[in-house]
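The values are calculated or read from the model by the stated rules, or taken from the named source; none is laboratory data. The structure displayed is predicted, hence computed values, not measured ones. Don't worry about glycine lacking a Cβ; one is built from the backbone with ideal geometry, like all the others, and counts go over all protein chains shown.
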Amino acid sequence: MRRILVLLCCALVLKVGAGGTANAAELPATGSVEALFTPWDDVEGAIIRALGAARKSIHVQAYLLTSRPIARALLAAQARGVKVEILADREMVVNGQNSRIPELAAAGIPVWLETRYVIAHNKIMLLDAASEHGVVITGSYNFTWSAQARNAENLLILRDNPAVQQDFLNNWQRHRAEAEAYQAEKATDHGR
């Protein structure tokens, strides 16, 4: 696995201002970045190991989450007292095959569905984001078996960069404020 300085990606991070317009923002280069690429690297394993190290919180923003091992890792985190919360693309929960979202919600993990956008295409996990030693996981990688085994995908694991963590957490919270609480009967109602 390759480790590169966070300096390489911090200049690329966009910050969305309170007014809803995108402003480029330079953030301090701290911590480390792990860059992974499927199908060559074990991206799913790296995500599961990171989830296993979370101590206080996990914020997920997923377009599609069908990976059973990742779902099990989220349930294990919840069982050990980590606060797990999920934002998901509504259409992929309703129409996507093998979504793990209903199972995670049934286990008591709070889930909200994003309905404002044509596609809520984020693939993000924030682990202990409010702490100094948090982790941001992001990239093209959907949380699926196909992303690991059949697709060409990328993933960055950014560690120990509080400024980047806070930006991602602020964005997660902004999306959460616009999302609808998951309800099984509502999620399967195609008539909206």
Residues within region 130-142 that are at pLDDT 95 or above and either in a strand (DSSP E or B) or crowded, with 18+ Cβ neighbours inside 10 Å (or both), tallied: 7
Test: A46 is part of a strand (DSSP E or B), of a type outside the set (D, E) and either surrounded by fewer than 22 Cβ atoms within 10 Å (Cβ to Cβ) or within 13 Å of the chain's Cα centre (by Cα) (or both): no
Odd one out for Q165 among (1) within 21 Å of A77 (Cα to Cα); (2) loosely packed, with under 14 Cβ neighbours inside 10 Å: (2)
Residue within region 135-146 that is in contact with a Ser or Thr (Cβ under 7 Å, 6 or more places away or on another chain), under 16 Å from D41 (Cα atoms) and polar (S, T, N, Q) present: yes
Cross-chain or 6+ apart pairs with Cβ under 8 Å, region 117-128 first and touching a residue at least 40 places away in the same chain (Cβ under 8 Å) and under 11 Å from A50 (Cβ atoms), then of a type outside the set (G, A, S) and in a loop (DSSP other than H, G, I, E, B): D128/R55; D128/K56
